[in-house]
Amino acid sequence: MSAPYDSISLGPFACAFGDLERKPADIADFDALWQAQSADVEFATMGCGSFRTMSGPVETYVLDCVRRLLDEHGAPAGAIDHVIFATSDACLEFLGRDFAVRILEAADLTNCVPTVLSFQQCCSSLAALRYACDLFADEDVSDVVVLTLDVTPRDDDRVRSFALFSDAVTGCVVSRGGSGPLRLVSTAVNVDHEGLLGRDSFLSRQQAAQGAFTKVFRDSGEELAGVTKVFPTNLYRPVTLFNATITGVHRDQLHFAEPLASYGHCGNGDWVINLVDYHTTVGIRSGETYLAQASAPGFFACGLLVGT
Amino acid sequence: MPETDEYLSKFSDFLRTQQMTSHLTHEEVVQAHTREELGISSLNMIMLLMNYIKEHANDSVSLKPEWVSRLNDLEGIVSVLREIDQLSLEQAST
């Protein structure tokens, strides 16, 4: 679905990673956990050398991310109209009922409406981005903060067959008439019902992804082959490559290897982390198109972005 | 030997070089119809395909979206391997 987001910019972006940098071998019984999840497949092929753990409460990292965003955006906290938290389903239970109030108070967000967006696993952040842009239909809205947060408290829950879960908060400012490096063209999220039930197949995953691509490029005047870079979810490297290529994305279009090596899978934040890494090392270019992409069991989401 | 049987044999040989499928005998492979019968999970199928491209096509062939629907039965898998070899040959000759 396309929408007129021409005057709405995305950026600055920020990442607040867990402060403890650890190696997979630091996880107790890592080899046994990996074998239980991925028998006969070598972990070395994952492409992940380290991951991050938060030593303190997630609120600390949320506040760090918000402060960095506001500093770079150059706006006072009181100017933020909305804050949207995007998180995976499993994280909802850790936030608690007063989470939003604690953040609003600590960050001095005194004129800010909070929202949480979830139930779409790692795809929730792209739904949040779309929701943020749609808020600008209200002419009084000028600045919105989108935050992704994903934390895994128990080490043995970090090891999955397709991913090594890491802790991070990421965010971006969405603003009317701002100077952010990107603007949103369109987003799409598709559900793979078989995947939700744990019965997904190559075909059901491919269909969910291709359906989302069709929606996101429809009416955009752009095509997948013309996209400069795709920022995917940081899963087991061969799986990330496979998932991309079966939907027509060329492996050279992907930007994920370096962030995956350093940070593992940071849930909803992966596409932001990959985008920030690319912007820092190469630079988002005006007029070029980029694709933020997220996948999870049962979901596929993407967002078409263009450099401002 | 018909071409399909030849490729099934090649696939069988390849499986025995891979850690995850090294235990499979040639008889088990030629008698099976689906990868599930051989105990090859979807993750392992991805790994096998990526490893085949790396080892037999110098990592120069990209997966094609239309191959996905063929990765559940052995006949389809073998047809994909044949295409990978053909594409690799074409690229080598250009």
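The values are calculated or read from the model by the stated rules, or taken from the named source; none is laboratory data. Not measured: the values here are computed from a predicted model. Positions of Cβ are generated from backbone atoms using ideal geometry, with glycine treated the same way; all protein chains shown enter the neighbour counts.
Side notes on the structure shown:
- Matching option when the condition is among the small types (Gly, Ala, Ser) and in contact with a Leu (Cβ under 7 Å, 6 or more places away or on another chain), among A:ALA127, A:ALA137, A:ALA132: A:ALA127
- The stretch B:54-71, subset of a type in the set (A, V, I, L, M) and within 13 Å of B:ARG82 (Cβ to Cβ), residue nearest to the other protein chains (Cβ to nearest Cβ): B:VAL61
- Test: residue in the stretch B:85-94 that is among the β-branched types (Val, Ile, Thr) and modelled with pLDDT of 90 or more: no
- For the stretch A:245-258, the candidate set comprises residues that are surrounded by fewer than 23 Cβ atoms within 10 Å (Cβ to Cβ) and either under 17 Å from A:GLY47 (Cβ atoms) or within 19 Å of the chain's Cα centre (by Cα) (or both); within that set, the residue that is nearest to the other protein chains (Cβ to nearest Cβ) is A:THR245.
- Taking the criterion of being over 19 Å from A:CYS122 (Cα atoms) and in contact with a strand residue (DSSP E or B) (Cβ under 7 Å, 6 or more places away or on another chain), the only residue of the stretch A:185-207 that qualifies is A:VAL185.
- Filter pass, B:GLU37 being farther than 19 Å from B:GLN19 by Cα and of a type in the set (D, E, K, R): no
- When the stretch A:102-114 is filtered for residues that are surrounded by fewer than 20 Cβ atoms within 10 Å (Cβ to Cβ) and either touching a residue at least 60 places away in the same chain (Cβ under 8 Å) or within 25 Å of A:SER179 (Cβ to Cβ) (or both), the ones remaining, listed by number, are A:ASP108, A:THR110, A:ASN111, A:VAL113.
- Elements of type helices (runs of 4 or more DSSP H) in the stretch B:1-85, at least 3 residues being in contact with an Asp or Glu (Cβ under 8 Å, 6 or more places away or on another chain) and surrounded by 15 or more Cβ atoms within 10 Å (Cβ to Cβ): B:42-56
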